[in-house]
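What follows is a short report on a single structure.
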Amino acid sequence: QVQLVESGGGMVQAGESLRLSCTVSGQIFNSSAMGWFRATTGTQRVFVATISRSGSDYYSDSVKGRFTISRDNTKATVYLQMNRLKPDDTGIYYCGLSERANIYANRYDYWGQGTQVTVSS
């Protein structure tokens, strides 16, 4: 059974940093791409970053240069390092698992429960 568990969310001031983690169980991580998405109240999940099986990464324009996605295959964990956070980055962050790196949420097969990030001005 595949399970994704996120951690690392919290409340910070604008300009500060957070690192999110997402650990995958089920021996599927190494053969999968991973992605991070953000949702706010009443909105669908919006693409933030994705990383392929080989480590190629891609970001939304709103986070490019501030966020970094990475993966540790030995720990079956994907990370999202978020620097210079802004109030617009506030939301619930979900990690997803897919066969291929993708910017569309409906292409992901498994999701974590989400972790809340709140950035105050």
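How large is the direction-averaged shadow of the alpha-carbon convex hull of the chain, in nm²? Averaged projected area of the chain's Cα convex hull equals 6.7 nm². Treating only the Cβ atoms of Lys and Arg (+1) and Asp and Glu (-1) as charged, compute the dipole magnitude of the chain about its Cα centre; round to the nearest 20 debye. The calculation lands at about 140 debye. For the stretch 28-97, dividing the convex hull volume of the Cα atoms by the residue count gives 83 Å³ per residue.
Each of LEU4, SER120, PHE29 was placed along the dipole of the chain (beta-carbon charges, centred on the mean Cα), and the one lying farthest toward the positive end is PHE29. Accessible area ranking (1.4 Å probe, heavy atoms, ligands and nucleic acids excluded), largest first, for THR68, THR41: THR41, THR68.
Tell me, what % of the accessible area of the stretch 8-75 is carbon and sulfur with a 1.4 angstrom probe? Its accessible area is 46 percent carbon and sulfur atoms.
In the stretch 25-44, whose amide N lies under 13 Å from the spot 7 Å out along Cα-to-Cβ of TYR58? List them in ranges. Inside the label zone: 33-36. Residues in the stretch 47-54 carry Karplus couplings, in order, of 5, 10, 7, 9, 9, 7, 4, 8 Hz; the curve used is 6.51 cos²θ - 1.76 cosθ + 1.60 with θ = phi - 60°, and Gly or Pro positions show x.
Sorting 7-14, 30-37 by average packing, meaning the other beta carbons within 10 Å per residue, from highest down gives 30-37, 7-14.
Here the calculated FRET efficiency for LYS86 and GLN44, from their Cβ-Cβ distance with R0 = 22 Å, stands at 0.60, rounded to the nearest 0.05.
Loop-located trypsin sites (Lys or Arg not before Pro) in the stretch 32-121 (DSSP state not H, G, I, E or B) with no more than 15 neighbouring Cβ atoms inside 10 Å: LYS64, ARG66, LYS75, ARG84, ARG100. The slack in the chain from ASP109 to MET11, taken as 0.36 nm per residue of separation less the alpha-carbon distance, amounts to 32.4 nm. Heavy-atom accessible surface of the chain, averaged per residue, reaches 53 Å², computed with a 1.4 Å probe.
The values are calculated or read from the model by the stated rules, or taken from the named source; none is laboratory data. It should be emphasised that the depicted structure is a prediction, and the values quoted were computed from it without experimental measurement. Glycine gets a Cβ as well: all are built from the backbone with ideal geometry, and neighbour counts include every protein chain shown. The area values use the complete protein model at the heavy-atom level, side chains included, leaving out ligands, DNA and RNA. Shrake-Rupley method; radii C 1.70, N 1.55, O 1.52, S 1.80 Å.
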